[in-house]
Each structure stands twice: as C-alpha cells, then as structure tokens.
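*Asks:* The following block contains the structure, expressed as structure tokens.
Derivation of every value follows stated rules applied to the coordinates shown; laboratory data play no part. In this text the structure is predicted, and so the values were computed from the model without any measurement. All Cβ positions, even for glycine, are placed from backbone atoms using ideal geometry, and neighbour counts span all protein chains on display.
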Amino acid sequence: MWKAPRFWSVNWTAAVLHLINALLMLFLWSGSDNKDSTYRLTETYAPWIPTVNQTCTPPAIKISDEWCLTRKTKVTEELSLWWLIIGFHGLSFVFQSMAMVTCPAMRKMDYIDEVTMTGTNSLRMIEYSISATLMQVAIALLLGVWQALVILGISFLTTITMLLGLIAEKLRRRNIGLAWLAHIIGWFSMFGVWLILGRQFIFTIIESPNRPPAFVYAIVIVIALLYSVFGFIQFYQLYKTDRIPEERLNIRVEMMYCVNSLVSKTFLGWMIFSNALVGVAQS
C-alpha cells in the first residue's frame with residue numbers, strides 16, 4: 001500500500017487550508033451589504049501649455065519662451081482589498097493542488113519526484129510570483145501607496161524576486177555559483193519593495209498628526225519578517241547543498257516553504273479583514 005510522504009501531506013493540508021480561507025473570505029464578502037473596499041489609483045501626467053507673454057502661471061514650470069510644463073492627476077485604476085485577499089489564498093490552493101497532480105503531457109515528472117530528486121517545485125515559485133505580488137499590493141494600499149506607477153513597480157520587483165528564486169532552484173545542481181548570484185540579486189529586488197513600503201510608512205508616521213493603528217505596525221513588521229524567511233529558506237538550501245543528503249534537504253525545504261506560505265497568507269488576510277474590512281462586512 002502506497003504511503004504518502006510527509007511533505008506531500010503537508011502540501012495538501014496547506015492547500016486545503018488556503019481554500020478554506022478563500023471560501024470564508026468569499027462568504028463574508030457575499031454577505032456584506034457594502035462590498036466596496038476599493039482603492040482608487042492615480043497617475044500623474046504632464047500637459048504642455050503655451051506661455052502667455054513668455055510667462056507661466058504657477059504651479060506650471062517654464063521650459064522655454066513658448067512652453068510651460070505643469071502636472072495633473074487622474075484616477076486610472078481601482079483595486080479591491082477583498083479580492084486581493086481572496087485572490088492570493090485562491091491562487092495558493094490552485095497552484096499547490098496542480099503541483100501534486102501528475103500530468104505527463106504537461107510535466108516530465110510528478111510533484112514527489114521533482115521535490116525529492118531535484119529540490120525544485122516550479123509551480124510553487126510561479127504561484128509566489130503572483131500571490132506574493134497581490135500580498136505586497138494589499139500592504140501598499142493600506143500604507144497609502146495609491147500611485148498606479150508605484151504599485152506597478154512594487155508588482156514588478158516582487159515578481160522578479162520570485163522568478164529569481166526559481167532560477168536559483170533550477171541552477172543549484174548545475175552551477176551553484178550562478179544559483180547564489182540569482183539568490184543574492186533576489187534579495188536586492190525584495191529590498192527595493194520594502195524600501196518603497198518602509199519609506200511610505202515612516203514618512204506617514206513623521207508627517208501625520210496621528211500614528212497608524214497598531215495592526216498596521218504588526219502587518220508591516222511581521223510580513224517583512226515572514227518574507228525574509230522565504231529568502232532564508234533558499235539560503236539554507238543553497239548553503240546545505242552537498243553538506244547533507246540531497247533528498248532529506250529537499251523534503252525539509254519544501255515543508256518549510258509550505259508552512260511559511262500558509263502562515264504569512266493567513267496572517268495577512270485575517271489581519272486585514274479583522275481590522276480594515278470588518279467594518280465593511282458589518283455595514
């Protein structure tokens with residue numbers, strides 16, 4: 001009788017819990033009289049205005065004797081916190097389930113073989129590139145980052161970070177030096193995201209007459225730490241390559257990824273719901 005490896009069971013358990021989180025959020029959203037928890041994103045554009053008697057009216061800036069350059073802002077996008085949370089939980093369920101379904105036409109080896117033999121899980125990192133981006137965008141919205149181009153930059157850097165993690169995994173057994181290089185670059189791209197979020201958070205604290213509520217501090221600090229844990233898991237995998245038995249290392253790393261993903265998404269989702277969306281749900 002076939003006995004499921006422990007990491008297989010952990011992955012399925014995490015997938016089911018992600019599904020439960022997504023369904024609970026969807027249920028709470030459907031039962032809310034006011035489903036609108038939407039953030040409007042703005043973009044700034046720069047119209048060119050002819051000068052009047054070679055002068056410009058502030059705040060326009062004179063570029064030449066003929067032209068002034070000014071700045072205007074327009075709402076271009078809307079994002080819902082509800083759907084961001086439902087989205088990253090739902091994606092985790094879908095991708096973790098897909099990873100464990102053997103499909104020879106699509107994949108050369110199944111989930112168990114890929115993890116134990118190669119120490120990779122391609123679908124995991126692809127899922128992270130989307131779900132982690134949704135998580136970072138949700139945090140950015142709570143911190144007051146409502147500029148569409150900044151949100152786009154955060155999304156791009158987060159996606160790049162996760163794909164660099166995938167590259168490091170793929171290169172680990174072929175060229176450990178290049179794997180380390182991809183891993184280190186990933187830290188820099190992740191730092192870029194938290195530099196944007198941290199600067200916004202600190203600037204808000206300095207300039208605002210009122211401090212942000214405690215749950216915002218908790219989200220920023222805890223999620224920053226949990227995101228760092230993902231990086232340290234891969235650091236551990238690279239460092240321990242050829243130092244401990246390969247299969248044991250690969251199984252340990254896969255389980256750590258599963259648990260940290262579940263913890264970070266569950267924490268963020270319910271922290272946002274209980275503090276930022278609970279009023280919407282009860283209205």
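*Asks:* With everything on Cα atoms, drop me the angle between helix 6-30 and the longest principal axis of the chain, reported from 0 to 90° to the nearest 10.
*Replies:* In the chain, helix 6-30 runs at an angle near 40 degrees to the longest axis.
*Asks:* Using just the Cα positions, wrap segment 97-236 in a convex hull and report its mean projected area in square nanometres, one decimal place.
*Replies:* Values: hull surface 39.1 nm².
Over all viewing directions, segment 97-236 projects a mean Cα-hull area of 9.8 nm².
*Asks:* Mind listing which trypsin sites (Lys or Arg not before Pro) in segment 65-147 are in a DSSP loop and have 10 or fewer other Cβ atoms within 10 Å? Please report the intermediate quantities before stating the final value.
*Replies:* Working: sites: ARG71, LYS72, LYS74, ARG107, LYS108, ARG124; in loops: ARG71, ARG107, LYS108.
Of the trypsin sites (Lys or Arg not before Pro), the ones in loops of segment 65-147 whose Cβ has at most 10 other Cβ atoms within 10 Å are LYS108.
*Asks:* Computed FRET efficiency, Cβ-Cβ of LEU225 and GLN54, R0 45 Å: what is it to the nearest 0.05?
*Replies:* Working from the Cβ atoms, E equals 0.20.
*Asks:* Please list 3J(HN,Hα) in residue order for segment 234-243, calculated via the Karplus relation 6.51 cos²θ - 1.76 cosθ + 1.60 where θ = phi - 60°; whole Hz, with x for glycine and proline.
*Replies:* Along segment 234-243, the couplings run 5, 4, 4, 4, 5, 5, 8, 4, 6, 9 Hz.
*Asks:* Helix 81-99: angle to the longest alpha-carbon principal axis of the chain, degrees 0 to 90, nearest 10?
*Replies:* The angle comes out near 30 degrees.
*Asks:* Here are several values of Cα extents along the principal axes in Å: (i) 51, 44, 34; (ii) 87, 50, 40; (iii) 47, 40, 37. Which one was derived from the coordinates shown?
*Replies:* (ii)
*Asks:* For LEU41, list long-range residues whose amide hydrogen, built 1.01 Å from N in the peptide plane, is under 5 Å from its own amide hydrogen.
*Replies:* So LEU41 has HN proximity to THR76, GLU77, GLU78, LEU79.
*Asks:* Only Cα pairs within less than 10 Å get springs; with that Gaussian network setup on the chain, which residue of ILE205, ILE63, ILE233 has the largest fluctuation?
*Replies:* Largest GNM mean-square fluctuation: ILE63.
*Asks:* While we're here: Of GLU78, GLU207, GLU43, how do they rank once you tally other Cβ atoms within 10 Å and put the fewest first? Walk me through the numbers on the way to the answer.
*Replies:* Working: GLU78 10, GLU207 7, GLU43 14.
Fewest to most other Cβ atoms nearby, the residues stand as GLU207, GLU78, GLU43.
*Asks:* Angle check, please: helix 148-171 long axis (alpha carbons) against the longest principal axis of the chain (alpha carbons), in degrees 0 to 90, nearest 10.
*Replies:* Tilt of helix 148-171: around 20 degrees.
*Asks:* Let me check I've understood the local charge: for GLN147, count other residues with C-beta under 14 angstrom from its C-beta, Lys and Arg +1, Asp and Glu -1. What total comes out?
*Replies:* Once all neighbours under 14 Å are counted, the net charge is +2.
*Asks:* 7 Å from Cα along Cα→Cβ at both GLU247 and PHE203: what's the point-to-point distance in nm?
*Replies:* The two pseudo-label positions are separated by 5.4 nm.
*Asks:* List every residue whose amide H lies under 5 Å from the amide H of CYS68, counting only residues 5 or more places away in sequence or on a different chain, with H placed 1.01 Å from N in the peptide plane.
*Replies:* HN-HN under 5 Å from CYS68: ILE49, THR51, ILE63.
*Asks:* Then there's this: Tell me the net charge near ILE176. Cut-off is 15 Å between Cβ atoms, ILE176 excluded, with +1 for each Lys or Arg and -1 for each Asp or Glu.
*Replies:* Working: positive: LYS170, ARG172, ARG173, ARG174, LYS240, ARG243; negative: GLU169, ASP242, GLU246.
Taking every Cβ under 15 Å from that of ILE176, the sum is +3.
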